[in-house]
1. Which order do 22, 194, 205, 40 fall in if you start with the one that has the fewest other Cβ atoms within 10 Å?
2. Taking the Cα atoms only, what angle lies between the long axis of helix 241-250 and the longest principal axis of the chain, rounded to 10 degrees?
3. How do 191, 34, 9, 252 line up, fewest other C-beta atoms within 10 Å first?
4. Whole-Å semi-axes of region 141-274's equivalent ellipsoid, largest first, each the root of 5 times a Cα gyration tensor eigenvalue?
5. Going highest first, how would you order 211-217, 48-54 by mean Cβ packing within 10 Å?
6. If the chain between residue 245 and residue 9 were fully stretched, how many nm would it gain, using 0.36 nm times the residue separation less the Cα-Cα distance?
7. Would you list 262, 218, 23 from fewest to most Cβ contacts within 10 Å?
8. For region 10-25 and region 79-140, compute the distance between their C-alpha centroids and round to whole Å.
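We did not get these values from a lab; they are worked out from the coordinates using the rules stated. Computed from a predicted model, the values in this text were never measured in an experiment. Note that each Cβ is placed from the backbone with ideal geometry, even for glycine, and that neighbours are counted across all protein chains shown.
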Ligand code: ATP
Ligand code: MG
């Protein structure tokens, strides 16, 4: 289901630290086309050996990404296996994860954030049409391939990364830690992910984007997080009421009430009209 890449065709660059179950590196992939050598910059995700028993789930994530193609979906070139090493070879995305980018304090405008939310909604719509559940949507898994500059009229460009290990494989604590991105019903049945679960995560991700990458519920311990869901709480609402309304529709504890992607897109598009007002009324310094 995915392309196998010869280990010898990969060159390892600097270590970029760790992902949730992975060690990550910059790297290079060599291909020969018509006798000519091509070198591509890549992002290498090596499954941590302590999680080696989860390799199937790791490869499933790679396989999912290789089967579908959308401009806002990260390109996965394939996987490479070498001894105990299981490596996912991905497109290298210049500006890295969106949460970190926003946390670094880049001042971006409301239209910039709205653009990102629309791009995420468009890939979500694409997945919904294909009946594919992602399962791990969050700002950390949105990669920024173009910064954009609104004064020049260019938009940002994001790519949704792979979901990684399936929730069904995760321990209870890891799932609890994913509150508030993970849909509440997943805590009861982690092996029954639905399209509606992604809608919830979308809501939490939009919240993050509009809160400048601040981690929702940061510093809360697992018990507090569990109680947050048990008492049906919501994240602090945005002052922009139409946006707050969209987020709360997505983060509805009743999965059946969450909006369709069509409706999400329609609502996001209707936010444009309020944009000018918001931008100039509350954020005069960001432009
Ligand atoms: P999870 O499965 O929970 O998403 P992970 O193994 O994918 O975990 P992340 O924490 O999502 O790891 O990613 C680690 C970091 O690697 C991110 O913060 C991001 O900065 C960077 N990163 C991930 N993918 C890419 C990519 N394709 N190009 C450039 N940087 C990336
Ligand atoms: Mg990730």
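1. Values: 22 20, 194 17, 205 28, 40 13.
Ascending number of Cβ neighbours within 10 Å: 40, 194, 22, 205.
2. 50
3. Final ranking by Cβ density, sparse to dense: 34, 191, 9, 252.
4. Working: eigenvalues 137, 62, 47 Å².
Working through the eigenvalues yields semi-axes of 26, 18, 15 Å.
5. 211-217, 48-54
6. Here the answer is 80.0 nm.
7. Arranged by neighbour count, lowest to highest, 262, 218, 23 become 218, 262, 23.
8. After rounding, the separation between the Cα centres reads 17 Å.
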